[in-house]
Each structure stands twice: as C-alpha cells, then as structure tokens.
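S.K.: This structure is in structure tokens; I'll ask about it shortly.
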Amino acid sequence: MGDNQAHFWLGLTTGIAVCSVAFSVYTGMVLHQTLTAASKSAPAQTVVSKAGPAQIQFQQDDSPSSETLERLHSMFTINSEKLNQIVKHMIVEMRKGLQADGQALLMIPSHVVNRPTGREVGSFLALDLGGTNFRVCEVVLDGHSGARVRQSKHTITDAQKHMPANELFDFFADCVRKFLIEGFVNVPRGKEEAELQARTWKLGFTFSFAVNQTAIDRGICVYMGKGFVNPGIVGSDVVVLLQEAFKRKNLNIDVQALVNDTTGTLISHAYIQPSTRVGVILGTGTNCAYVEKMENIPKYKGDDAEYAKEMIINMEWGTFDDEQVVIPRTKYDKRVDRTFNQEGKATFEKLISGMYLGEIVRFVIVDLVKNGELFLAGGSPELNEPRSFETAFMSRIERDHTLDLNDTRSVLEEMLKIPRTTLADRRLVKTLCELVGKRSARLSAAGVAAVVTKMNKLDGCTVGIDGSLFELYPHFSNRMRDALREILGISAENIVLEQARDGSGQGAALIAALANEGN
Ligand code: BGC
C-alpha cells in the first residue's frame, strides 16, 4: 500500500468513526426531542415503538387521525363506477339540450360553422370579459398559423361586478379608447382624436357567461355566474350594450362576433392543431365547447342549417346536474352553493372551478377545528372570513414537498393567522386539498369523456384546455388523464389533452376573421 493509499484509508476509517459517533449523538438528541415534543402535545395517538429491548411509549403528533382521514376520503372520492354514471347521464343531457331549449344543459349553438385553416389574415380587436379580468387585445393574424398580440389587462373589482350594465360597458369602452390611443405610434400629439375618428375597427367580443346566441354577433345573456350580479345584463343583448357604449364614447368599432371563451379556445387551438374538436376552460369558471354535426342539432333552425355540416356548441356544462340526480355532494358543497349567488345553479361548476374550491376546503377546515380534529390552539378570524382560503392556497399546499410542510405552515400561520399548527395538522390540510383538487380533476375528465364519446371520437381527437386550474394547479392534468383511463380504458390514449392559450383573445379575433370572410 503506497503512502497516498494509506492516508486515504486512514482518512476514510477516521471519517467513518467520527461520523458514527456524531450519528449516535444526533439520534439521541432527535429521540430526546421527539419524546419531549410528543409529551407536550396532546391529545395525540399513542404509538408503541418496538425498536429497543425495553418498549418506548411516546405520543406521535405527525399523522392526522385515521378516522378523520377515512371520513374525508369517503366524502370526496368519486370512484370509477360513479364516474361512468356521470358520463352516461351527461350524454343523455347533451342529447336533450340539442333537441330543445330550456334543458339543464343549454347546449347553445355558437353560430360558428367553420374552423380556421391557419391562413386567416388581418388585424382585429378582441375584448375579453372572463371572471377575474377584462382584457383589450389587438391581434394581427399573419396567415401562417401565427399571430401578434398587444393587450391591456384590467382587474375587475367587486364594485364593478355589481354596477349597472351601462356603467360597466362604459368602463369597457373607456379602456378600449385608451388602448387604441396608446397604439398610435406615428400620430403627432394632439391629433389622436382626429385619428380615432378617421379609423374603423373590427372586433370579436369574448363574453364568458351563458348567452343565448341568436346570431354570430347577437346574444341575450341568460345567466351570470362567477360573482357577477350587474343589473341590466341578464335579459339584454350584450352586443347591443357594447355597441351603444362605443357610440357614447365616439368609437367606430364594429362588433363582428360574440364568442364564449370555450369556443374561442377551440378555434384558437385548432389554428395551430387541426385535430382539435373540443375546447375546455378550467379556471375561475368551467365550461366546454365542441364540434357537433348539424344533423344532431334538431333545435337549430338558422339559415346555416341548410348548408353547414357542423357547428360549435357551447355546452355551458357548469349547470350540469342542477337537478341533482347523479353527482354526490357533501354538506360543504351544499354550503358553498347556498353562500354564492344563484343557489341551486351551476352545480358542476361549483364542484370543479377555481372560484369555489378554496371555499369548500375552508368550510371543511372550519368544521374540523370546531370538532377538535384540527388546530388544537384554535382557528382565526381570518379563517372564518368567507372566501379567505383562496384556491391558489390549495395549489401552493399541494406543491409543498418539504419534509415539515413549511410552505403549508406559511399559508396557515402567516396568511390565515392560525396561531399554531402541528405537522399532523398540515398533513391533514394537505390531504384535504388533494381530495378536493382530485375530485375537481376527475369530474372534469368525466365531462371530457362524455363529450368525446357523444362525438364518436374515441379513435382520436385533441382537446384544447385553458384556465388557471389546468395550467397551474399541481397534478391536475395527470389526475384528469388517470380518470380518463379509468373511464375510457385503452381509448383514453387517443384523446390528447393539450394546454391551449389565449382563446379569448386570439380565438375571438379568429372568429371575427371567419365571420368577416362569410360577409
Ligand atoms: C360561464 C361560461 C364560461 C365559463 C368559463 C362559466 O361561469 O357560464 O360561459 O365559459 O364560466 O369561463
């Protein structure tokens, strides 16, 4: 053995010896800490360790109670059999909705009968009122499946969700006016107004609420969810409301198309992926649009029925099972239903979408605290505040893979001001978020399965999906895929779920372009 090797082995054995001493000291300390910490926290489960010759008894406060876990699991889990029943029922409801008006599923004909070729060109404005934001976009289509977009974004305040229709639409027109002026690059100062008057624009309006669409550029709003309760919108033609606001603000803008965000998503994804037949939104709200054969839409009596082969149907699937026949709902879901506007409406949406998931979790947490199953040091006024537990918190908690669930601790202790949480508390909250998040993904998958089955597209098609849940919520798309496999078996492999982007901007512009081609 040479000198260097001898040094190496000596170093190694000394290192091992030092490490093993350090390890025993460390284990002793950890055991001591565990015992002291455990003895301080009560009540907790008693665990008997069989590790040593003398059995050590200590309190374990790391795992939530199995009874509580089991109860929550059985409340929020939707098994494969139930998923299949949901799919079957949705297909029945889809058929009814295509047959006649006034059904649980509205199945609204969008009047969009063409899909884009990718060769569309031109510059269009698009307005997008979704739920959380209002956007103004200028979309320049390049004719090669590409587009340039300039946009301005405005958060919709709670006050704006309550203001009279005219005031809200005046706000939209003001945003558009400002946006257009900002876009004037070579116009001398002081000449903006003259330029504004000299020009005209074509616009696609994405209005993501239930609208009974009477033409490509006409539609009466029948229902507003997502916290909007503006007097004067439900029952009115929203294009007329917008055109009148433009007139009041001296803007020469022609609204060419009224678009639901799901239709926009389908069209904008089809622009880059021609096999797209379905558009889904999984965000603040949820909904789905798909391509239906004209002969399967007996209630549609428009002129297009004569020559068009297919039409995009805006399902408004948020109201699926409003008559409550198939989806099991917990007492917490019912509480959420009662406390948001429109009790008894939007059953499917209230179990799936971002607007509601956090509130379901909050109701469960409040109950667990009341029963002494969580946060033994008590809850907090913040936790008791309606809607204080945002769905974004669930995302953060589900993404927390630290050993001590430190990020979950920040959400609970720093943001919601819970005085003290144990690891068991944090694990329980994390499991709860997983259960509610998973149920949402599985129900969404059941919806997609129903649509592709009804379309007879099990041999393959692409589903373009947009919205914060699908894009940002951890594991959401995988959970959807798992559930699709459970429902459709091997055929699930033919259904491609793809992230779609900006259906509400680019999609609306494309639909305006398609409508313009038809003129
Ligand atoms: C609306 C739909 C919309 C969906 C997603 C629902 O609340 O009724 O029209 O497509 O939200 O934004």
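The values are calculated or read from the model by the stated rules, or taken from the named source; none is laboratory data. Only a predicted model underlies this, so the values are computations on that prediction, with no experimental measurement involved. All Cβ positions, glycine included, derive from the backbone under ideal geometry; neighbour counts span all protein chains shown. Please note that ligands, DNA and RNA were not included when accessible areas were found on the heavy atoms of the full protein model with its side chains. Shrake-Rupley method; radii C 1.70, N 1.55, O 1.52, S 1.80 Å.
S.K.: Could you pull out every residue, at least 5 positions away or on a different chain, whose amide H is within less than 5 Å of the one on V112? Hs are placed 1.01 Å off N in the peptide plane, and Pro or chain starts have none.
M.R.: Distant-sequence amide H within range of V112: I312.
S.K.: Turning to a different aspect of this structure: Amide H neighbours of N287 under 5 Å, counting only residues 5+ apart in sequence or on other chains, H built in-plane at 1.01 Å?
M.R.: I281
S.K.: Report relative contact order for the chain in percent, whole number only (criteria: Cα-Cα under 8 Å, sequence separation at least 6). Walk me through the numbers before you get to the answer.
M.R.: Numbers: 925 pairs, mean separation 98.9, N = 519.
Worked out over the chain, it gives 19 percent.
S.K.: Using θ = phi - 60° and the Karplus curve 6.51 cos²θ - 1.76 cosθ + 1.60, what whole-Hz ³J(HN,Hα) does each residue of segment 413-421 get, with Gly and Pro shown as x?
M.R.: 8, 8, 8, 9, 6, 6, x, 8, 10
S.K.: Taking +1 at the Cβ of each Lys and Arg and -1 at the Cβ of each Asp and Glu, which of V463, L412, G232 sits farthest along the dipole of the chain towards its positive end, judged by Cα position relative to the Cα centre?
M.R.: Ranked along the dipole, the leading option is L412.
S.K.: Long-range amide H contacts for I156: which residues qualify at under 5 Å (H placed 1.01 Å from N, peptide plane, sequence gap of 5 or more or a different chain)?
M.R.: N133, F134
S.K.: If we count every other residue with Cβ under 12 angstrom of E193's Cβ, Lys/Arg +1 and Asp/Glu -1, where does the sum land?
M.R.: Summing Lys and Arg as +1 and Asp and Glu as -1 gives +3.
S.K.: Additional query: Give me the orientation-averaged projected area of the Cα convex hull of segment 64-104, in nm², one decimal.
M.R.: So the mean shadow area of the Cα hull is 3.9 nm².
S.K.: What is the total of Lys pairs in segment 68-195 with C-alpha atoms under 18 Å apart, excluding same-chain pairs fewer than 8 positions apart?
M.R.: For segment 68-195, qualifying lysine pairs total 4.
S.K.: Next question, about the same structure. So what's the back-of-envelope 222 nm ellipticity for the chain, counting only DSSP H runs of four-plus at -39500 (n - 2.57) apiece and dividing by all residues, rounded to 500?
M.R.: Helix-only estimate at 222 nm: -14000 deg cm²/dmol.
S.K.: Quick check: residue separation of V240 and A308 times 0.36 nm, minus the Cα distance between them. What number comes out in nm?
M.R.: Taking V240 through A308 to full extension adds about 21.8 nm, to one decimal.
S.K.: Still on this structure: Give the aspartates and glutamates whose C-alpha is closer than 13 Å to that of K454, dropping any in the same chain fewer than 8 places away, or say none.
M.R.: E93, E292
S.K.: Could you go through segment 384-399 in sequence order and give the Karplus-derived ³J(HN,Hα) for each residue, using 6.51 cos²θ - 1.76 cosθ + 1.60 with θ = phi - 60°, rounded to whole Hz, and x for Gly and Pro?
M.R.: Coupling constants for segment 384-399: 7, 6, x, 6, 6, 8, 6, 4, 4, 5, 4, 4, 5, 5, 5, 8 Hz.
S.K.: With only Lys, Arg, Asp and Glu charged, each at its Cβ (+1 for the first two, -1 for the last two), find how big the charge dipole of the chain is about the Cα centre; round to the nearest 20 debye.
M.R.: In debye, rounded to 20, the chain gives about 340.
S.K.: Express in whole angstrom the spacing between the alpha-carbon centres of segment 449-465 and segment 120-134.
M.R.: 27 Å
S.K.: If you build the convex hull over the alpha carbons only and average its shadow over all orientations, what do you get for the chain? Give it in nm² to one decimal.
M.R.: Details: hull surface 140.0 nm².
Reported value for the Cα convex hull: 35.0 nm².
S.K.: Stretch A100-H73 to full length: gain in nm at 0.36 nm per residue minus the Cα-Cα span?
M.R.: Working: separation 27, 0.36 × 27 = 9.72 nm, distance 3.89 nm.
Here the segment from A100 to H73 would lengthen by 5.8 nm.
S.K.: By DSSP, what percent of the beta bridges with both residues in the chain are antiparallel, rounded to the nearest 5?
M.R.: So the antiparallel bridges amount to about 65 percent of the total.
S.K.: Can you give me the Cα centroid spacing of segment 385-432 and segment 203-245 in angstrom?
M.R.: Here the two parts' Cα centres lie 38 Å apart.
S.K.: Could you derive backbone 3J(HN,Hα) for segment 137-145 from the dihedral phi with the Karplus parameters 6.51, -1.76 and 1.60 (θ = phi - 60°), listing whole Hz in sequence and x where the residue is Gly or Pro?
M.R.: 10, 10, 10, 10, 7, 9, x, 10, 6
S.K.: Could you order R199, R135, R426 so the one with the most accessible surface comes first? Probe is 1.4 Å.
M.R.: Highest to lowest solvent-accessible surface, that is R199, R135, R426.
S.K.: Okay, next question. Rolling a 1.4 Å sphere over the protein heavy atoms, what is the accessible area per residue of the chain, to the nearest Å²?
M.R.: Values: 23540 Å² over 519 residues.
For the chain, the solvent-accessible area averages 45 Å² per residue.
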